[in-house]
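The values are calculated or read from the model by the stated rules, or taken from the named source; none is laboratory data. Since we're looking at a predicted model, the values are computed, not measured. A quick note on method: Cβ atoms are made from the backbone with ideal geometry, for glycine too, and the neighbour counts reach across all protein chains shown.
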Amino acid sequence: MKFILAKKENMTQIFDVLGRVTPVTVLSAGPIVVTQIKDVAKDGYRSVQVGYGTKKEKRTAKSLKGHFRDLGLFAHVKEFSAEGEKTYAVGDKIDVSIFEAGETVQVTGISKGKGFQGVVKRHGFHGGPRSHGQKHSEREPGSISGGVRNGGRVPKNMRMAGRTGGDRITTKNLHVVGIDQENNLMFVSGAVPGRKGTLIEVRA
């Protein structure tokens, strides 16, 4: 299993040799450092813990300083499954060179937060009619259940207004369009969850 942590930069487009355009997201990927190897005997499962980014020493807890030892101070620490033939050791560095153009990957990130939204934006409701005496009801949700239907209570999972975005989203079947190893950049087809600067997990 291949994996890396990245930061979302921006979107652009790339033209192939036939002149066809592909929209891509630019990811500043790695390098990441292996900080711990977890195994079944000691931890109950197998995984590789990695660190990414930098962090000021005064903002790092003493326990993490001891855990990282001389590897550095990392802004982000994540775990990935250790399944596969590849074996890692503490201190190993992983960069974008492990990926190749044309590979299929899945990316995970936190989507953009949109604050408190109504049902039209949150769930795509059509709203009420715009004529025949309707007043101030264009974007209202309508009935949210009556006394007979659910005993006077609002049913579970009723689609209503509320806080939108800020969810952990995984997008599958994206393709690596290009790799810039010198600048640690990865070009992934299509859109990736989150705003500019969002931490992205890439798996293949």
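Some observations on this one:
- Test: residue in region 52-61 that is closer than 24 Å to Gln181 by Cα and of a type in the set (Asp, Glu): no
- The set of residues in region 56-93 being surrounded by 11 or more Cβ atoms within 10 Å (Cβ to Cβ), of a type in the set (S, T, N, Q) and not in a loop (DSSP other than H, G, I, E, B) consists of Ser81 alone.
- Residue count for region 58-90 under the criterion of being free of Cβ contacts under 8 Å to residues at least 60 places away in the same chain and touching a Leu at 6+ places or on another chain (Cβ under 6 Å): the result is 1.
- If you go through region 115-126 and keep only what is surrounded by 14 or more Cβ atoms within 10 Å (Cβ to Cβ) and either part of a loop (DSSP other than H, G, I, E, B) or touching a strand residue (DSSP E or B) at 6+ places or on another chain (Cβ under 8 Å) (or both), you end up with Gln117, Gly118, Arg122, Phe125.
Yes or no, residue by residue, for (1) of a type outside the set (D, E, K, R); (2) farther than 16 Å from Leu5 by Cα; (3) loosely packed, with under 12 Cβ neighbours inside 10 Å; (4) touching a His at 6+ places or on another chain (Cβ under 9 Å):
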site	(1), (2), (3), (4)
Asp95	no, no, no, no
Phe99	yes, no, no, no
Gln106	yes, no, no, no
Gly113	yes, yes, no, no
Arg130	no, yes, yes, no
His136	yes, yes, yes, no
Gly142	yes, yes, yes, no
Val154	yes, yes, yes, no
Met160	yes, yes, no, yes
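- Complete set of residues in region 94-114 that are part of a helix (DSSP H, G or I) and of a type in the set (Gly, Ala, Ser): Ser97
- Selection within region 186-198: residues that are crowded, with 17+ Cβ neighbours inside 10 Å and hydrophobic (A, V, I, L, M, F, W, C). The member of this set that is nearest to Gly53 (Cα to Cα) is Met186.
- Boolean, Val120 is modelled with pLDDT under 90 and hydrophobic (A, V, I, L, M, F, W, C): no
- Exclusive hit being polar (S, T, N, Q) and over 21 Å from the mean Cα position of the chain (by Cα), set Thr87, Thr54: Thr87
- Residues being among the basic types (Lys, Arg) and free of Cβ contacts under 8 Å to residues at least 40 places away in the same chain - total across region 122-136: 2
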